[in-house]
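Read through the structure below, which is laid out as structure tokens, and then see the notes.
The values are calculated or read from the model by the stated rules, or taken from the named source; none is laboratory data. Bear in mind the structure is a predicted one, so any value in this text is a computation, not a measurement. Cβ: placed from backbone, ideal geometry, glycine included. Neighbour counts: every protein chain shown. The protein model used for the area step is the full one, side chains on, heavy atoms only, and it has no ligands, DNA or RNA in it. Shrake-Rupley method; radii C 1.70, N 1.55, O 1.52, S 1.80 Å.
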Amino acid sequence: MSRRSLYLSILALSIVGCSSGKNNRASGDFEYTEVKEQSALSVPDNLSKPVQSDDFSVVAEDKVQGPIGAKVDVRAPSLVLPVAASSRVIPESSEAIIWFDKVLEDRDLLTFIKTAVKDQLIESEVAIRNEDANGLSIESDWFHSEKESGVVFKDTDVAESKRFRFDFTAKPHGRSVSLQVTLVDYMKTDQSGSTKKADIIDKHRSEMALLNEITSTVDYKYRLQQRENRLMRANQKLVTIGENPVGEPAYIVEMEADLLWSNLPIFFENYGFDIADLNESKKIYYVDFTKPSISLWDKIWGDDVPVIELGDERYQFVLADIEDSTALTIYNSEGKPVTAEVLEAIFPVMEPALSFRDF
């Protein structure tokens, strides 16, 4: 079983865990169903009628809207599960609707959610019946399901078919999109006959279940995309050798200066530098470097860290904005920039270290 299949299976179990067929109906003696409707109170014309309330009146069974007694469905209400990143529900809402906020800056959110819906339909082997010209509403073809009994000679006990509509609403800024699932067509055949009217609770649970499956698909697609981004970043060369704004040799790091500034202490800690002082306004770190000593045991156990071939002295790491990147210039204790030849020699260690791929 794939990781995604396992993930969806666990989610499905959490959704339907309380909906076992054995526990759908109420239990008890249901004496209230035997109570007959009382005749109206007869009041003589010369007397005033007392105030009456219908809050607790008992009416005849044929006048009740919905099931009574053992036919009452007692399953817990289904809930929207906002398992995808930056997804949220509408408080106090009983509709099968969820909002998604933008997570991937390089992806159009509406297109991303619509693709997840279509992928869910493809996985369920259900075609698209209709899609409006604006792309804000999709109607599916039929979802079919059957329940059979018997071992050798099987009989179909229940055959059920459903069609759904998926409505999208996008905020003008495009960073928030809602998805609502609605059951629009229904057919069911069982031992009691056929019907095209879905029980209101079953309708609600079907909408919620499908919405939650789509939400889990969105979450899965998020995880795939984030993994691809991490792999692409891991294989991308984020550090090159160039010049700072005044023409001195420097490392050019494809990272904002503030982010590189906040990450450099991690680099210092792992490669033998001790921070002696800093000037945050000018983005300067004053560091003392002592070349780490690597023991035989470090090499045996794989705990050795690549060594930067610099002399033991005080250095300045100075950051400067340059286009969409940051220039990192290293100055020695005499205030002179480290030469391009030295930057080139230690580049095999500095490139992955300043990319922070291993941290």
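Could you work out the relative contact order of the stretch 76-233? I mean the mean sequence separation of Cα pairs under 8 Å and 6+ apart, divided by the number of residues, in percent.
Details: 250 pairs, mean separation 40.8, N = 158.
It comes to 26 percent, rounded to a whole number.
Summarise the accessible area of the stretch 76-233 (1.4 Å probe, protein heavy atoms) by the percent that is carbon and sulfur.
Details: 4610 of 9120 Å².
Exposed carbon and sulfur together represent 51 percent of the surface.
Given the alpha-carbon gyration tensor of the stretch 239-355, what are the semi-axes of its equivalent ellipsoid in whole angstrom, ordered largest first, with each equal to the square root of 5 times an eigenvalue?
On the way: eigenvalues 113, 45, 41 Å².
That gives 24, 15, 14 Å for the three semi-axes.
Given the pairs LYS102/LYS283; LYS171/LYS283; LYS71/LYS188, which are separated by over 29 angstrom at their Cα positions? List each step's numbers first, then the result.
On the way: LYS102/LYS283 32 Å; LYS171/LYS283 39 Å; LYS71/LYS188 18 Å.
The pairs that break the limit, which is 29 Å between Cα atoms, are LYS102/LYS283; LYS171/LYS283.
Tally Lys/Arg at +1 and Asp/Glu at -1 over every other residue whose Cβ is under 10 Å from the Cβ of THR240; what's the total? Intermediate values should be presented prior to the final figure.
On the way: positive: LYS237; negative: GLU254, GLU351.
The answer is -1.
Leaving out ligands and nucleic acids, note down the accessible area per residue over the stretch 76-233 with a 1.4 angstrom probe, in whole Å².
Details: 9120 Å² over 158 residues.
For the stretch 76-233, the per-residue accessible area is 58 Å².
Find which of ALA209, ALA127, SER178 sits farthest along the positive direction of the dipole of the stretch 76-233, computed with +1 on the beta-carbon of Lys and Arg, -1 on that of Asp and Glu, about the Cα centre.
Comparing the listed Cα positions along the dipole, SER178 ranks first.
In nm, to one decimal, how far is the ASP312 label point from the GLU131 one, both placed 7 Å along Cα→Cβ?
6.7 nm
Provide the FRET efficiency to the nearest 0.05 for the GLU31-GLN226 pair, computing r from the beta carbons and using R0 = 45 Å. All intermediate terms of the calculation are to be shown ahead of the outcome.
Values: r = 58 Å, r/R0 = 1.30.
With R0 = 45 Å, the Cβ-Cβ based efficiency is 0.15.
Length gain on complete extension for the stretch GLU95 to THR115, per 0.36 nm per residue less the alpha carbon to alpha carbon distance?
5.0 nm
Treat each spin label as a single point 7 Å out from the Cα along the C-beta direction, and report the ALA76 to ASP199 distance in nm.
Each label point is offset 7 Å from its Cα along the Cβ direction, giving 1.8 nm.
What lysines could a cross-link reach from LYS282, if we take a straight Cα to Cα line under 21 Å and drop same-chain neighbours fewer than 8 places away?
LYS336
Kindly rank 126-136, 213-223 from highest to lowest mean number of other beta carbons found within 10 Å of each residue.
Working: 126-136: 11.9, 213-223: 20.2.
Result, highest mean Cβ count within 10 Å first: 213-223, 126-136.
Given the Cα-Cα distance of SER39 and ASP190 and 0.36 nm per residue of separation, how much length would full extension add, in nm?
Length gained, SER39 through ASP190: 50.5 nm.
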